[in-house]
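Scroll down for the structure; my scribbles are underneath it.
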Amino acid sequence: MEKRSLRQWLSHITKGMVSAYHRMRGCEIGKNCNISRSAILDRAHPKGVHIGDNTRVLLEALIIAHDYSRGALEGCSMWCDTRIGSNCVIGGRAMIMPGVTIGNHVYVGGGSVVTKSIPDHCIVAGNPARIVRTGTIISDKGQLVERGTPVK
């Protein structure tokens, strides 16, 4: 095992503190998750955010679990559950809208707006997010192991 520099040691401690802070607020976060300090997990309804193991949430990503426009409708609740599976990567400045479920081994491209649920093993990108590739596999460290096949 290599000796860590002071900078690497501080970075490791800071990452653990960010996840601990979100867990303390009520978010359900899996093991070995990396959440950027600038990422925003829903502050109005943190108990509605569920993130699986080995998932990466990159800079300024936004995960929302409430929708105030639903509160006016009869029989609808403005509080939703937003779920992200295991071994996923949420790109920088991506938005995950309320009530969306993202499967395992999904890579969400930077700046994407995910408005619908996404199945397992795919890459999504765009506004609104569309499936670009299927059959992808992401390692525990957030790297693409299998790129899959393009969707036409």
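Observations
- Number of Lys-Lys pairs in the chain with C-alpha atoms under 27 Å apart and a separation of 8 or more places or on different chains: 13.
- Candidates per trypsin sites (Lys or Arg not before Pro) in segment 60-133, loop by DSSP, up to 14 other Cβ within 10 Å: LYS116
- Distances between placed amide hydrogens fall under 5 Å for ILE84 paired with HIS50, ILE51, GLY52, ILE102, all partners being 5 or more residues away or on another chain.
- Exposure proxy order (Cβ contacts within 10 Å, fewest to most) of LYS15, LYS3: LYS3, LYS15
- Sorted by Cβ density within 10 Å, fewest first, the residues TYR107, TYR21, TYR68: TYR68, TYR21, TYR107
Read the figures in this text as sums done on the coordinates, not as results from a lab. Since the model is a prediction, treat every value here as computed from it, not as a measurement. As a convention, Cβ positions derive from the backbone with ideal geometry for all residues, glycine included, and neighbour counts pool all protein chains shown.
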